[in-house]
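Here, each number is a calculation from the coordinates, and none is a lab measurement. No experiment lies behind these values; they were computed from the predicted model shown. Here the Cβ positions follow ideal geometry from the backbone for every residue, glycine too, while neighbour counts run over all protein chains shown.
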Amino acid sequence: MTLAAPPPIPRAAGSFPLLGHAVQLLRDNLGFVASLRRDYGPLVEITLQPGTRTVIVQDPELIRTMLVDLGPSLDKGRFFEKMGELLGDSVVTAAGQHHVRKRRQLQPAFARDEIARYVDIMRDEVTAHVDGWREGQTLDVRETMVGLSLDMLAKTVFSGSLDEGTFRRLREDLSVVMNGVGARVMLPDWVARLPLPHNRRFDRSRDAVRATVQRAVDELQASGHDTGDMLSLLLRARDETTGRPLTGHQICSEILTLAVAGTETTASVLSWTLYELARHPDVEARVLTELDEVLGDRPVTFEDVTRLPYLRRVIDEVLRLHHTGWLVTRRTVTETRLGRWTLPAGTELAYCQHALHRDPELFTDPLSFDPDRWLDSAQPPPSGAFLPFGAGKHRCIGDRFALTELITAIATITRRVRLDLGGRTVRPVAQATVRPRTLTMDVRLR
Ligand code: HEM
């Protein structure tokens, strides 16, 4: 029996010569991608950059096939390639066997025992931030969470290797790189080459980070000390095939991309969690009761991360309703079969977690915030419908690290302060991640 040929992949309406779908994307990129799910089938083609075509994969089964079954044979696509050009070759940008080797080198830094050691650093950073907040102060929650996430990550990597002054300068430079990389990746290449002040600042800061990390690596190598931080671990990592350690340049590329992959994402989830707690006092009260029962008067520790099931459901629900993933890309290297379709080599592919997690066919009442939908007794979403950390060989290496940060930070913040949203309206914006455009709240000390 021969199967009927699949229907041709439709092209989304509203594309203009030269501009592609730029008008819709600039006007409301999240709304545009959500409309694709409503109006088209499992695959639909759009133009992200003039002259290129991207197939958006919309069906959960096909997304899984793309990430898991086809994962080893696909390139990571344009978005990640540009990141590699800007920050250097790393586990985030690599594909194929090269990626497998890089991932093995990094994995020990994210092992359970290491994360257990990082918790104290994370908690100290949160406490230091909250100590600075005053009763009645209007807090720029988004900016504060970006700073906090960067501090938690940077301290974990460098706590034993840099003196305080060098750390402060490095943190500022990392912050410039992180804030600039999203726009650089999205905009046409020639924009980044213009001699504009923010382009020069980006280049200067990236070079300064490289120089500082290289110095720290040289000093650690010369002293032979194990400082117990992530930098020391990376220095001990060996390439499986050659047995060689990572060079200072390679370590620096990994750290730059970890800062990008692990800061905006965590900061957005923290911001949305604080926003939802402010909007749902009943949920916040249940979180506080659970924290009182499990922690009593003591601060949160690594063992508590798995002992707070309600808080975990709250975070899962934020990862569903407000997922930070805007477009994750891949590219076919050879002619590739995806479901019933055969895609030529060089086809750009992408999927949008934010739209997937809000699909009414996959989640009941998808726009309502309901942590109890994740109770064991509730109906689980279909396979492939909930992918907070992706799937397959590129699944987030920092998933456990991120959950530990999120639980440590929310547990520490909510016990010290209540954040009051007042009547403010908050809108999402999709840039490097999907985040609140602005989010300010008033501090009420408990
Ligand atoms: C809540 C916070 C986070 C979310 C939602 C998140 C989400 C994701 C997702 C969906 C992917 C897969 C991308 C793909 O398929 O190409 C990914 C990859 C990655 N993430 Fe995360 N992430 C978070 C935090 C972190 C943190 C804290 C770190 C590191 C400290 C990190 C490091 C990475 C790295 C290195 C990769 C690439 C893995 C690979 O290709 O092998 N992430 N993340």
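Full-extension gain between Val429 and Leu445, please, as 0.36 nm times their residue separation minus the C-alpha to C-alpha distance. Can you show the working numbers first?
Working: separation 16, 0.36 × 16 = 5.76 nm, distance 2.95 nm.
Once the chain is fully extended between Val429 and Leu445, it gains 2.8 nm.
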query: Tell me, in nm to one decimal, what length is gained between Lys393 and Asp131 on full extension, where the rule is 0.36 nm per residue of separation less the Cα-Cα distance?
result: 90.3 nm
- prompt: Expressed in whole Å with the largest first, what are the equivalent ellipsoid semi-axes of the stretch 322-380 derived from the C-alpha gyration tensor as the square root of 5 times each eigenvalue?
  reply: 32, 13, 9
message: Calculate the FRET efficiency for Asp124 and Thr242 from the Cβ-Cβ distance with a Förster distance of 25 Å, rounded to the nearest 0.05.
response: 0.10
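Stick to the Cα atoms of the stretch 381-446, pair each with every other, and give me the Kirkwood hydrodynamic radius in Å at one decimal.
That comes to 15.0 Å for the stretch 381-446.
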task: Would you please report the Å³ per residue occupied by the convex hull of the alpha carbon atoms in the stretch 1-92?
output: 150 Å³
query: Using unit Cβ charges (K, R positive; D, E negative) and no other charged atoms, how large, in debye to the nearest 20, is the dipole of the chain about its Cα centre?
result: 1100 debye
- request: Identify the residues of the stretch 295-334 with backbone N under 16 Å of a label point that sits 7 angstrom from the Cα of Arg400 along the Cα-to-Cβ direction, or state none.
  value: 302-307
task: Under a cut-off of 21 Å between alpha-carbon atoms, report the lysines in cross-link reach of Lys82, not counting same-chain residues fewer than 8 places apart.
output: Lys102, Lys393
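Once every DSSP H run of n ≥ 4 in the chain is given -39500 (n - 2.57) and the sum is divided by its residues, what mean residue ellipticity at 222 nm do you get, rounded to the nearest 500 deg cm²/dmol?
Details: 15 runs with 226 residues, N = 446.
Taking each H run of at least 4 residues, the total per residue is -16500 deg cm²/dmol.
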For Leu375, net neighbour charge (Lys/Arg +1, Asp/Glu -1) across residues whose Cβ lies under 13 Å away: -1
- line: Ordered by fewest other Cβ atoms within 10 Å, a rough proxy for footprinting exposure, Trp272, Trp326 read Trp326, Trp272
message: Starting from the 7 Å offset along Cα-to-Cβ, what nm value, one decimal, do you get for the label separation of Thr342 and Leu362?
response: 2.9 nm
- prompt: Per the Debye formula with a single identical scatterer at each Cα and no solvent contribution, what log10 I(q)/I(0) holds for the stretch 272-376 at q = 0.14, 0.15, 0.16, 0.17 Å⁻¹?
  reply: -0.70, -0.76, -0.81, -0.86
message: Using a 10 Å cut-off around each Cβ, can you sort Val181, Val269 from fewest to most neighbouring Cβ atoms?
response: Val181, Val269
- prompt: What does the charge add up to near Val287, with Lys and Arg as +1, Asp and Glu as -1, over the other residues with Cβ less than 15 Å from its Cβ?
  reply: -2
- prompt: Whats the longest run of the chain with zero GluC sites (Glu not before Pro) that are DSSP loop and have at most 16 other Cβ atoms within 10 Å?
  reply: 1-134
message: List the residue ranges in the chain for DSSP H helices whose C-alpha atoms run 27 angstrom or more along the long axis and whose Kyte-Doolittle average is 0.0 or above.
response: 248-279
- request: Could you let me know the centre-to-centre spacing of the stretch 69-87 and the stretch 297-337, using Cα atoms, in angstrom?
  value: 21 Å
- prompt: By counting other Cβ atoms within 10 Å of each Cβ, how are Cys352, Cys396 ranked from fewest to most?
  reply: Cys396, Cys352
message: Past the 34 angstrom mark, what percentage of all C-alpha to C-alpha distances in the chain do you count?
response: 34 percent
